[in-house]
Each structure stands twice: as C-alpha cells, then as structure tokens.
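Report on one structure; see the data block that follows.
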Amino acid sequence: MNLHLYDSPSFRMACQQFDLVADFMEIPEAARDRLKMPKRSLSVAVPVRMDDGSTQVFMGYRVQHHLTLGPTKGGIRFHPDVTVGEVAALTMWMSWKCALVGLPYGGAKGGVACDPRALSNGELERLTRRYTQELIPVIGPQMDIPAPDVGTNEQVMAWIMDTYSLQMGHAVPGVVTGKPVLLGGSLGRREATGRGVAYLVSRAMDTMGMQAQGATAAIQGYGNVGSVAAVSMAKQGIKIIAISDAFGGIHNPNGIDLNKLDAHVSSTRSVVGFPDAEPITNEQLLITPCDILIPAALERQITEANAAKLQCRIIAEGANGPTTPEADAILAQRPEIFVIPDILCNSGGVIVSYFEWVQDLQSFFWSEGEVMDKLYRLLEQAYMQTLNLSRKKNISMRFAALSLGIKRVHDAKTLRGLYP
Ligand code: NAD
C-alpha cells in the first residue's frame, strides 16, 4: 500500500502501532489496509480577507477514517504545523478511541495550517466560516461532526454551527459539538476531557496503591485539557508542581497556585513569567521528578531520547499520540511506570461530545450531574476492560486499549461484509 498522501511522522507512528496490534491479534493481511487507510480526505484552499485588505490562502483538511459504525467524529485543529498526514494519523486514533469506549462513530479530524494567535478575531472568524463552507459537502449530523481541538474553542464551534445552519436554512446544532451551551452545547463538555483525565489518574492511583493526598503532577500544555485536568487533580489533593505551554514552563516543588496562575495566563496568554515559580523548559518538565506526568499538548513528546529519563510513576496521556513506539519499547522495560494510553485517557472529550450530539438530536438536555455520571460510567467500563485485558494477556495498557478498539472495528467490518 502506497502511503505517500499521508506520509508523515505521526501517520507512520499510527500505522506502526496498528501493525504491531494486528500481528498480535492475527488480523489477516487482506483486512489490514482496509482497517488502516482513511476512507476519504478533502484538502481545501481557504482564502481569507485579512484586516490589511490583502487576501491570504490557508490550507485546510478534513479526513474521515471509517464509516462502518455511523457518522465520523473528531476535532478541528488550528496550528501552523497541521498537515494532511498528521490529520490522518489523528483520525485513526479517533476510530480506535470511539470503538474502545463503545461510541457509534468512526474517527475523523480536520485542521487548518495557521497560527490562530497571529490572527485578529475578525480574521479568525472569516477563516473558520470559509473553511466550514468548503467542508459543507462532507459534514453534517449524520455524516461527520467536528469538535474543538488544539487552537479551536467554543466560539469557533459556534461559527461553524452558524455557517452550516445558514446554508441549510434552519438551525442545525448537531453538526458540531463543543459549542456554547446556549446554542445546544452540553453542560460539562468543556471540562470533559480534563475531568476524564483526572478520573482515570485516580483509578490508576488505586491500581498502583498510591494516595492522591500529597502526590505530585507535572503537566505539559495548559490549554483546555491541561488546565482542567490540573484543577480537577488539585481538588483530589494532588500537588501540581510543573506546568508548561508552547512558550516554556514553570516549576515550583511546593505546588503552583492555580488561581493565581490563571490570572497570570489571562493577562499574558502564557504560563511563562509566573512569579511564584522557577522557569523550566518543556524538555525539563518531562523529566521532572513527580508522581504523575501529563502530556497535554502535541504528538511525539515522549521519545527514545527521554523515555529512559522519566521520573514519574503514572503517565496520563491527555494529548493524542504523545508517546512514540520507540519510547513505548523503552517504557516496556520500566514496569514501575503505569501508562494510561491516549485513546483511553482523553476519551472523556469524545464521550461528552457524543452526549451533546444525542441531546441535540433529541432537543432534550441533561443536567451536568447526569452528564458526569454517564461519563464516569463509560470511563470506568473502558478502564476495567483495558486493565483486565492487559493483565490477562500480559500486554501494556496501550496494547490492550488498541486491541479492544481495533477488534471492534474489524468485527463490525466483517459483519457488514465487503460491497459489492
Ligand atoms: P489547546 O489549544 O486548548 O491547548 C494546547 C496547549 O498546548 C496550549 O497550552 C499550548 O500552548 C500548548 N502547546 C502547544 N505546543 C506546545 C509545545 N510544543 N510544547 C508544549 N506545549 C505546547 O488544546 P487542547 O484542546 O487542550 O488539546 C491538547 C491535546 O489534547 C491535543 O493533543 C488534543 O488533540 C488532545 N485532546 C483534546 C481534546 C479536547 O476536548 N479539547 C480531547 C481529546 C484530546
């Protein structure tokens, strides 16, 4: 199979993970490419009128991985490094994630190669609306439902919903999740990924016989996932000692005051320069001695260069694809470290996105308590299934989670058969 369209470090990594699991599960060769390759992808040129009167063209993508179980689902990323290959890798992980937690979706992902921080609000809105317009043939509540990811937020989702609805001639809240609650968003969606990470950290601590009180955590990435995970873990009694973002990191072994940090981030848009801590780099943060390490930024952060140097007991992967297969091989020799793999650890986001979509389709909305209750039940089930398989077969938590997800998609494809 020629992979050149998607060839990129992240796509190669997703394929490598898939191939290892497919070998272990003895999936027939003939079925592998069908499971692995994204069903379809759309590349679009997005022309945007800039504030200075010029027109700039941005490249945008949407990739849908499989359509076997229902519509596709996945976030939209606005980041300068977005490529179709990175987006394709993220769709594969979304597919295994949705299957692992039992959602009736295939994976999707989208993105625009741009730096949202360098755009004015008006430019960002025009970019989002034009990108949405270009995606209209492939998105919709029964086709493909976007959500927030790196560099996008509730406001961006509101613009997507508005643009799509204007084309349809009526409000279509179910076209996108992670919207403001007023427009049909779900209570608890904004917090879902970070709270899910914190819930699974507490379950992993139970498994390891560790106490939350006085335990320490380091978090790479202080956006939606990292910041909510920090607050939720602090509520459990865990001390957050190091935090970083794209501009650098901060460290205070006595614990970082999150309220003060949030005020600092609101005014400076970065954790850098926070007065009650020492500066550290992102590289240093990853190898800081702590109980819980949470990568919550981008892919391929834990690599063969630093995996042997990690000084934590739990890695909770808030980000998608933060650990390379080479790093996994090193971690396999370090049984003292418990990994909560990405497709399990950050699945709270897509689970509550699913709840949001269900509520939109029914026009019947749930309380935050109901949402959280249902979220934790699905997370608990997926955690126990993964842990049990990992113990039964003596395989890593990542291998177990991927095996469960890939098997369900494989079984569904086998049941539906091959047309014609
Ligand atoms: P976000 O844009 O809200 O925050 C990203 C954070 O990462 C920011 O603090 C940014 O400064 C930081 N960052 C960017 N580049 C970095 C670098 N090179 N080094 C260190 N920090 C860097 O994004 P988010 O929604 O919090 O997503 C973070 C990760 O979680 C991504 O991998 C995303 O795919 C994954 N994820 C997000 C959700 C969700 O619901 N938002 C759900 C599942 C998974």
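A few points about this structure:
- Any hit, the range 187-198, residues being among the charged types (D, E, K, R), within 11 Å of the ligand (Cβ to nearest atom), touching a His at 6+ places or on another chain (Cβ under 9 Å) and more than 22 Å from L285 (Cα to Cα): no
- Pairing each residue of the range 329-356 that is within 12 Å of L103 (Cα to Cα) with any residue that is away from the ligand (no atom under 16 Å from the Cβ) and assigned to a helix (DSSP H, G or I), provided the two are 6+ apart or on different chains, yields C-beta distances under 7 Å for F355/K374.
- In the condition set (1) farther than 24 Å from Q301 by Cα; (2) crowded, with 22+ Cβ neighbours inside 10 Å; (3) within 16 Å of the ligand (Cβ to nearest atom), V201 is compliant with all but (1).
- Any hit, the range 162-170, residues being within 16 Å of the ligand (Cβ to nearest atom) and modelled with pLDDT of 95 or more: no
- For V138: the one exception among (1) buried (at least 24 other Cβ atoms within 10 Å of the Cβ); (2) among the aliphatic types (A, V, I, L, M); (3) assigned to a loop (DSSP other than H, G, I, E, B): (1)
- Some residue of the range 174-181 being out of contact with any helix residue (DSSP H, G or I) (no Cβ under 6 Å at 6 or more places or on another chain) and within 16 Å of the ligand (Cβ to nearest atom): yes
- Screening V150 with (1) out of contact with any Ser or Thr (no Cβ under 9 Å at 6 or more places or on another chain); (2) closer than 20 Å to R77 by Cβ; (3) of a type outside the set (D, E, K, R); (4) in the same structural domain as I292 (by TED's automatic domain parsing) gives one miss only, at (4).
- So G226, is it in contact with a strand residue (DSSP E or B) (Cβ under 8 Å, 6 or more places away or on another chain) and either of a type in the set (D, E) or in a loop (DSSP other than H, G, I, E, B) (or both): no
- Every condition in (1) under 19 Å from Y199 (Cα atoms); (2) over 21 Å from the mean Cα position of the chain (by Cα); (3) surrounded by fewer than 22 Cβ atoms within 10 Å (Cβ to Cβ) holds for C290 except the one numbered (3).
- For the range 1-49, the candidate set comprises residues that are assigned to a loop (DSSP other than H, G, I, E, B) and within 22 Å of the chain's Cα centre (by Cα); within that set, the residue that is surrounded by the fewest Cβ atoms within 10 Å (Cβ to Cβ) is D7.
- Set G110, G85: member being assigned to a helix (DSSP H, G or I) and either polar (S, T, N, Q) or in contact with a Phe, Trp or Tyr (Cβ under 7 Å, 6 or more places away or on another chain) (or both): G85
- When the range 229-238 is limited to residues that are more than 16 Å from the ligand (Cβ to nearest atom) and assigned to a helix (DSSP H, G or I), the one that is nearest to Q284 (Cα to Cα) turns out to be A234.
- G223 in the same structural domain as I315 (by TED's automatic domain parsing), within 16 Å of the ligand (Cβ to nearest atom) and not hydroxyl-bearing (S, T, Y): yes
- The set of residues from the range 379-420 being outside any helix (DSSP H, G or I) and closer than 19 Å to A332 by Cβ comprises N394, I395, S396.
The values are calculated or read from the model by the stated rules, or taken from the named source; none is laboratory data. In this text the structure is predicted, and so the values were computed from the model without any measurement. All Cβ positions, glycine included, derive from the backbone under ideal geometry; neighbour counts span all protein chains shown.
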